[in-house]
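Here's the structure, in structure tokens; my notes come after.
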Amino acid sequence: MRGCGARPARRLLLLLALAWLGTARAGQGDDGEEEGRDEMLSDELGEEDGVLVLHEHNFARALSEHQLLLVEFYAPWCGHCQRLAPAYAEAAATLRNESSPARLGKVDATAQTALASEFGITSYPMLKLFRNGNRSHPVAYTGRMDALGIVRWLRRRAGPSAVPLRDPGAAAAFVSSHDLVVIGFFKDLGGEAAQVFHEVAGELVDVPFGVAEAEELFQAYGLQADTVCLFKKFDEGRTDIPVDPARGLDAAELTQQLRVHSLRLVMDFTSETSDQIFSAKIPHHMLLFLNTSSPEQLALRESFQAAAGTFRGKVLFVVVDVTGHGASVLPFFGMAPGDAPTLRLVRMDTNRKYRMEHDAFSHTAISSFVQAVLDGKVKPHLMSAEPPEDWDTRPVKVLVGKTFEQVAFDETKNVFVKFYAPWCSHCQEMAAAWEELGERYRDHGDIVIAELDATANELENITIQGFPTLHYFPAGPGRKMVEYKSARDVETFSKFLENGGKLPEEPPVPETPENSTGSEEPSLLETAESRDEL
């Protein structure tokens, strides 16, 4: 009996010894690695450049300690995230210096997959605001991706979205304090219309908002009923937007009206105004290209301004200085500074450009041309580069607007085309794979691998919404087109081609920098003048 009892005791001692030995050896290992493991499991809140570094173990603590927490979910390899980082750190420093209740944090969504899944992270960077520790309903960030935009967006959410105005003196001081202000006059500040007004004020962070309820304020500004008033120190000076008694206020409609009427009737295209121009979401832009150093050309603004009033909200009139900030957008229109003065109208949703057969700068001529475009009576002007001499002898055929039809819709060929932009980082990342694909199918008589610079060439019936876009044009009649949306590597491209323009059913492939199917959307003047790889 004694022998049987000794075995469990010896076994227990052996296990304890092994456990002690394992602990001792672990202590002799890499101290940095052990500290890193402890840190990963800790709920301590570390920082980088003033930005909280968040993970699964400290996320809840960050929410509990910070009333307003804006979190960037990023991927280390994402170019957009890398370019945002300095502005994000600058915004964090600004808010901290102001003693703002808002803090900034970041999560590596590729490492913290549980958090990425919980908050539905599908692209990078994705920013979400957590208020008062509420983990279940974060608010999507809707501001500009720069330091000032982030700061203004958070300031508006940290304080009242609209300043209460108690008397005519306070209102007058508020109106005179800025070039542009918005005041909502409401009989009942607790009513639904006033709540919608505050919602809109929270989004339009570049404009100061005030709110008034006192009857003497209604009288001071000649109002009888609920009205939103836009006061501006230019053009007509004031725009009134009455609240419909039956429908109330619609947030989207009010936002659009304020955006439209906050712009000058004629905008100068500069680095300071470009955000306003594109965020207004006006469907057409009428552009006057000028050399502003020429008094004769500068005088053309007068008739351009006279034509603009008729089309407010439908067409935005913009002056582009070809010798200043606007010079960078000229290639987008296939123009040189010597082409000024000239006019172009752009349809924003399709990037279609329209031009007069012969430029005429009178008020009536400009108005007639704009109306004809709106009525569908003018065909778009399609740009085309000249084809290189060896365009059809390369492994990847180089297409331009003039040659696209004859190649893509050749009924004897299966044609795979990459539509790209020279500045697009996604296009640059897949360039080597596309060249290798061209070499692989160089001697296949019925398969053509081609590419087209979509910033220098335009097609009548194909609109490119992002770069790169890959389209497959199968042989045979009918002008068919298939968009390719899978992984961007040579083997997957080959499977697609060998299978007649379809991919065999396979499990989805996790996205990495190498196989990303992301695209970069063109944004007209904004793209041409300011984006390198964005």
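The values are calculated or read from the model by the stated rules, or taken from the named source; none is laboratory data. Just so you know, these numbers come straight off a predicted model, no measurement behind them. Here the Cβ positions follow ideal geometry from the backbone for every residue, glycine too, while neighbour counts run over all protein chains shown. The protein model used for the area step is the full one, side chains on, heavy atoms only, and it has no ligands, DNA or RNA in it. Shrake-Rupley method; radii C 1.70, N 1.55, O 1.52, S 1.80 Å.
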Quick calc: nm separation of the 7 Å Cα→Cβ label points for R479 and D410 -> 1.9
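Can you check what the net charge comes to around R312, using other residues whose Cβ is under 11 Å from the Cβ of R312 (Lys, Arg +1; Asp, Glu -1)? Numbers along the way, then the final one.
On the way: positive: R264, K314; negative: D235, E236.
Cβ neighbours under 11 Å give a net charge of 0.
Of the beta bridges DSSP finds with both residues in the range 50-189, what % are antiparallel, to the nearest 5?
On the way: 8 of 17 bridges.
Given both bridge residues lie in the range 50-189, the antiparallel proportion sits at roughly 45 percent.
With a cut-off of 8 Å between alpha carbons and a minimum separation of six or more residues, what is the relative contact order of the range 291-401 in percent? It would help to have the intermediate numbers written out before the result.
Numbers: 92 pairs, mean separation 24.0, N = 111.
With pairs under 8 Å counted, the relative contact order is 22 percent.
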When ranked by the protection proxy of mean other Cβ atoms within 10 Å per residue, highest first, what sequence do the peptides 84-92, 458-466 form?
84-92, 458-466
Please identify the helices of the chain, taking whole runs of DSSP H, that span at least 30 Å along their own axis as judged from the Cα atoms and have a mean Kyte-Doolittle score of 0.0 or higher.
2-27
Here the percent of antiparallel bridges among DSSP beta bridges lying wholly in the chain, to the nearest 5, is 55
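Convert 10 °C to kelvin, take the viscosity as 1.306 mPa s, use the Kirkwood radius over C-alpha pairs of the range 88-142 as Rh, and evaluate the Stokes-Einstein diffusion coefficient in µm²/s, rounded to a whole number. Each step should come with its number before you reach the end.
Details: Rh = 12.5 Å.
Translational diffusion coefficient: 127 µm²/s.
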If the chain between R394 and H363 were fully extended at 0.36 nm per residue, the gain over the current Cα-Cα distance would be 6.2 nm
Highest to lowest packing among 376-389, 209-222, scored as the average C-beta count within 10 Å
209-222, 376-389
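What number does the range 102-221 give for Rg over Rh if you use C-alpha atoms and the Kirkwood radius?
Numbers: Rg = 18.2 Å, Rh = 16.6 Å.
When Rh is taken as the Kirkwood radius, the ratio is 1.09.
Pop the C-beta distance of S177 and A252 into the FRET formula with R0 = 30 Å and round what comes out to the nearest 0.05.
Values: r = 28 Å, r/R0 = 0.93.
Taking R0 as 30 Å, the efficiency between S177 and A252 is 0.60.
Would you please give the FRET efficiency between A93 and K281, computed as 1/(1 + (r/R0)^6) with r the Cβ-Cβ distance and R0 = 30 Å, to the nearest 0.05?
My answer for the efficiency is 0.40.
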Please report Rg (one decimal) and Dmax (integer) in Å for the Cα set of the chain.
30.2, 116
Per residue accessible area of the chain, 1.4 Å probe, in Å²:
51
If you take the beta carbon distance between E48 and N134 as r and set R0 to 22 Å, what does 1/(1 + (r/R0)^6) give as a FRET efficiency, to the nearest 0.05?
0.30
What is the gain in length, in nm to one decimal, between D206 and A306 on full extension, counting 0.36 nm per residue of separation less the C-alpha to C-alpha distance?
33.2 nm
Provide the gained length on full extension for the span A114 to D443, in nm with one decimal, where the gain is 0.36 nm per separating residue minus the Cα-Cα distance.
113.6 nm
Here the residues of the range 448-463 lying in the modelled label zone of E386, meaning backbone nitrogen under 13 Å from a point 7 Å along Cα-to-Cβ, are none
